[in-house]
Structure formats: structure tokens, C-alpha cells
Amino acid sequence: MNFEDFNTLLVQSIGNKTGATAPTITPSASFGYKDAKQAEDIFCGAQNLPLYARVGNPTNSKLESVITKMENGFGAIATSSGMGAISMVLNAILNTNDELLCIGGFFGGTYTLVNQTLKRFGIKNSFCKIDDFLHIENRLKSNIKIVLLESVGNPSLRLPDIEKIANLCKKYETLLIIDNTTTPLLVQPLNLGADIVIHSSTKNMSGHSAALGGIAVFREVDNQDDKLLNPKYKDLHPLIEKAGKKSLITICKKRSLRDIGMSANAFGSFLTLLGLETLALRVERVNKNVAIIAKELNSNMPKNITINHPSLSKSIDFENYNRFFKSGCGPIFTIDAQIQQKAFKLLDNLKLATQTANIGDNRTLALHMKSTIYRDFDDKSREFLGITDGLIRVSVGLENPQDIINDFLQAIND
């Protein structure tokens with residue numbers, strides 16, 4: 001699909017043809033049942049009607065249906081945040097003494113979830129670089145349950161060969177979960193062999209920073225021939241026997257969402273739906289602009305200031321960018337000012353960019369990484385994740401690209 005296809009799909013999927021043309025907000029926490037039999041049918045799944053808002057709400061269901069189409073999935077679950085979506089999936093599948101393989105650099109919240117929080121509950125982890133296929137295959141041979149990666153490293157901007165990793169996961173019957181937050185519409189991981197796709201819908205999907213949210217999108221399960229039938233997932237098999245094609249959804253709802261409650265709220269889902277209507281237009285413009293901006297800044301910044309974006313020929317991922325990311329790889333580029341003091345001065349001199357801990361906004365955003373999101377990390381972890389003393393993450397917005405270029409040039413030369 002291209003951006004024109006998505007423009008039609010998204011606006012036609014969100015609005016209503018009759019009655020209220022905007023999506024409907026259903027701000028109810030509970031739902032009445034016609035009689036005792038209907039209550040039983042809803043709870044056992046025989047009737048697909050609202051049970052209780054913690055496990056499903058009509059406005060959330062609308063958002064889930066739209067993003068399922070967008071990602072070419074089978075179904076989805078909306079959550080309270082992107083971290084809520086990742087936590088839901090990992091908590092539903094992993095048990096004490098299971099191991100999780102993390103490939104590439106990660107957003108700070110994901111890294112601490114895996115390396116600190118899950119560790120407290122006895123879940124092991126292993127990290128490796130995106131091209132360390134020897135390590136990847138060795139861990140897959142050891143019967144791990146999940147491989148987790150980002151479609152584009154945030155903020156490392158490393159670009160994994162998703163298809164190659166997916167083929168290895170298929171060979172060793174291991175679930176592959178991909179955080180696609182930075183690249184909605186640009187990459188469809190389920191088509192490349194992923195099992196579950198995660199988004200922080202707070203970011204690109206909404207674009208306006210007004211709605212915190214997340215979503216997990218699932219493929220269809222074949223309960224006759226599926227990697228989930230591998231003996232290492234034996235604790236999930238009773239649910240798979242009952243749920244069939246929708247097993248991944250059922251597993252996440254019954255083993256995580258129901259009991260922990262990382263549920264989306266109706267108003268947030270409504271605001272996200274409004275943002276989705278213009279997503280294709282915004283993604284196309286931003287991805288054209290970020291490559292232009294990175295190229296111009298790379299040519300005009302002082303030699304001691306480094307610009308990193310995979311579209312630059314000097315990038316370690318330039319080849320992967322041209323092979324797999326023909327329409328771009330999201331709104332992020334980075335500036336390395338070498339030392340924190342210089343990074344702070346550059347940021348404080350900017351007139352257009354907003355300093356905030358977000359990406360994918362309609363406005364250009366910028367943030368010093370080490371002193372904020374990664375401030376509590378040890379030196380070894382920061383080195384692995386590519387967080388240097390002077391690293392600034394920039395998320396390009398919808399502004400005139402030349403205005404953004406001029407703003408950064410004046411900020412460094414002031």
C-alpha cells in the first residue's frame with residue numbers, strides 16, 4: 001500500500017455514513033445485559049458485546065478495528081499507553097525463568113521494563129546488536145519464547161533486517177514482537193513475519209499530544225499448525241484450544257489486561273481516531289522533510305557537531321534504509337554536540353523546536369537524552385544504547401523544512 005491507499009482507508013474507516021459522522025465516545029465503565037443468558041454468553045465469548053470497560057469499550061473497539069486494518073492484522077487491543085501495550089503482551093506470555101531476546105537499541109522505558117522490572121519477577125533477558133545474527137540464532141536455539149525489537153531504534157536509529165529476523169523466528173518457532181511506533185504506514189511488520197505489533201498511539205498516530213495511548217495488533221492463529229503449539233508454550237495451549245484464530249488476543253486479555261488493567265479510555269481513543277484521519281498526509285510530509293533537514297544540517301553544521309540519520313550516505317544503516325525504508329524511517333534524527341553543555345546551549349537557542357519527551361508530534365520536538373530519559377542508566381547501558389554526553393534527539397514536525405533548518409543553524413552559531 002502507498003500513502004494514497006492509506007488516505008482512503010483511514011478516513012473511510014473512521015467516520016460514520018449515517019447519524020453522527022464523527023466517531024462516538026462511549027464513556028461508560030460498565031454495560032447492562034439483557035438477561036442472565038446474555039451475561040453468560042458475553043462472559044464466555046459467545047456474544048461479542050461489551051463486558052466491562054477494563055476489557056473492552058465500543059470507542060476502543062472502533063480504534064482497534066481501524067488500526068487492525070492499517071496493520072493488516074487479525075485483531076487488536078487498545079491500552080492506556082505504549083508501555084501498557086508492551087507490558088500487557090510480555091506479562092501475558094512470559095513466566096518466571098523464561099528468557100526474552102531484545103535486538104537493537106531501545107526506548108528507555110522498554111529497556112528498564114525488560115532489564116529491571118521483569119527481572120524482579122525472574123524473567124531473564126539477553127540484548128544484542130541488530131546484525132549479531134550468531135547471537136540471535138544461538139538464543140533462538142535455546143528455546144526462548146519471545147524476540148523483541150523496534151522497527152527503527154529510538155534514538156539509535158539502527159535499522160534491523162526485519163524479514164531475516166522474522167524468518168529465523170519462524171524456523172525456531174519463536175514469537176516476534178515489533179514496536180512499530182516510529183514507522184506507522186512505513187513498515188507493516190505482520191506482513192514481514194512478525195506475530196504482534198506494538199504502537200504508542202500517543203506519538204505519530206495522534207500527532208497532537210492530546211491523548212496518551214497504546215495498541216497491540218495481532219496476527220491470526222492457526223490452531224492446527226502454529227508456532228504457538230510448540231511445547232515451550234504449553235501453558236497457553238488450553239486457551240488456544242478454546243480461542244482458535246483469536247488466541248493471541250484472548251491470551252493477552254485473560255492473562256494480562258483483565259487482571260492488571262492497562263486499559264485504554266474512551267476519550268483518549270476518540271482523540272486518537274481523529275488524529276488517524278490525517279496520519280497518511282502527516283507521515284508522508286514528515287518523512288520527506290526529515291531527510292531534507294538531515295542532509296542540509298549535515299552539510300552546514302560545524303565539524304564537531306554530528307548529524308545522524310540513515311538517509312545520509314555516511315550512516316551505517318544507509319544500505320538498509322534504501323532496501324527496506326523507501327518512504328522513510330520516521331520523524332527522528334539526532335545531533336551529537338559532543339558535550340552536555342554545548343547540547344544545552346543549542347537546545348536553549350532554538351526558537352521553533354519544543355523541548356519535550358515525545359516524538360511523532362505535529363510540531364518539531366527536541367530533547368537531550370542523557371540528562372532526561374536515560375539519566376538513571378549506568379554508563380555501560382548508555383554505551384550499548386548509543387547515548388552519548390551530547391546526544392540530542394529531534395522529532396521533525398509539519399513546519400516548513402527550511403524554517404527548521406534555519407532554526408538549528410542559528411541555534412548552533414549563536
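In a residue-by-residue description of region 338-353, the property of being touching a Phe, Trp or Tyr at 6+ places or on another chain (Cβ under 9 Å), in the same structural domain as I293 (by TED's automatic domain parsing) and under 20 Å from T202 (Cα atoms) applies to at least one position.
In region 358-414, of all residues being hydrophobic (A, V, I, L, M, F, W, C) and either outside the structural domain of E296 (by TED's automatic domain parsing) or over 23 Å from the mean Cα position of the chain (by Cα) (or both), the one that is nearest to A210 (Cα to Cα) corresponds to I404. Taking into account only those residues within region 1-46 that are out of contact with any Ser or Thr (no Cβ under 8 Å at 6 or more places or on another chain) and among the β-branched types (V, I, T), which is farthest from T59 (Cα to Cα)? For region 1-46, the residue satisfying everything is T8. Scanning region 175-221 for residues that are surrounded by fewer than 24 Cβ atoms within 10 Å (Cβ to Cβ) and among the polar types (S, T, N, Q) yields a total of 3.
The single condition from (1) in contact (Cβ under 8 Å) with a residue 40 or more places away in the chain; (2) under 29 Å from T388 (Cβ atoms); (3) outside any strand (DSSP E or B) that L100 fails is (3). Quick one: would you say K203 is modelled with pLDDT of 95 or more and in a loop (DSSP other than H, G, I, E, B)? Yes; evaluated as a whole, the condition is true for this residue. Taking into account only those residues within region 35-48 that are exposed (fewer than 14 other Cβ atoms within 10 Å of the Cβ) and modelled with pLDDT of 90 or more, which is nearest to E241 (Cα to Cα)? Here the answer is F43. The single residue among E40, E71, E64, E4 that is acidic (D, E) and within 16 Å of S263 (Cβ to Cβ) turns out to be E64. Scanning region 118-151 for residues that are free of Cβ contacts under 8 Å to residues at least 40 places away in the same chain, hydrophobic (A, V, I, L, M, F, W, C) and assigned to a strand (DSSP E or B) turns up just one, C128. M301 meets all of the listed conditions (1) touching a His at 6+ places or on another chain (Cβ under 9 Å); (2) of a type in the set (A, V, I, L, M, F, W, C); (3) over 24 Å from T183 (Cβ atoms); (4) surrounded by fewer than 20 Cβ atoms within 10 Å (Cβ to Cβ) but one, namely (1). Does region 276-285 include one or more residues that are within 27 Å of S371 (Cα to Cα) and either loosely packed, with under 15 Cβ neighbours inside 10 Å or in contact (Cβ under 8 Å) with a residue 40 or more places away in the chain (or both)? So far as region 276-285 goes, no, none of its residues is within 27 Å of S371 (Cα to Cα) and either loosely packed, with under 15 Cβ neighbours inside 10 Å or in contact (Cβ under 8 Å) with a residue 40 or more places away in the chain (or both). Does N308 satisfy the criteria of being touching a residue at least 12 places away in the same chain (Cβ under 8 Å) and either in the same structural domain as N191 (by TED's automatic domain parsing) or out of contact with any Ser or Thr (no Cβ under 9 Å at 6 or more places or on another chain) (or both)? Taking the combined requirement at face value, the residue does not satisfy it.
Please tell me if K314 is more than 28 Å from S81 (Cα to Cα), part of a helix (DSSP H, G or I) and either at pLDDT 95 or above or not assigned by TED's automatic domain parsing to the domain that holds N289 (or both).
On the way: more than 28 Å from S81 (Cα to Cα): yes; part of a helix (DSSP H, G or I): no; either at pLDDT 95 or above or not assigned by TED's automatic domain parsing to the domain that holds N289 (or both): yes.
No, not satisfied.
Can you report the number of residues in region 201-228 which are touching an Asp or Glu at 6+ places or on another chain (Cβ under 8 Å) and either in contact (Cβ under 8 Å) with a residue 40 or more places away in the chain or of a type in the set (V, I, T) (or both)? The number of residues fulfilling the criteria is 9.
The values are calculated or read from the model by the stated rules, or taken from the named source; none is laboratory data. Keep in mind that this is a model prediction, so the values were computed, not measured. Neighbour counts run over all protein chains shown; Cβ positions are idealised from the backbone, glycine included.
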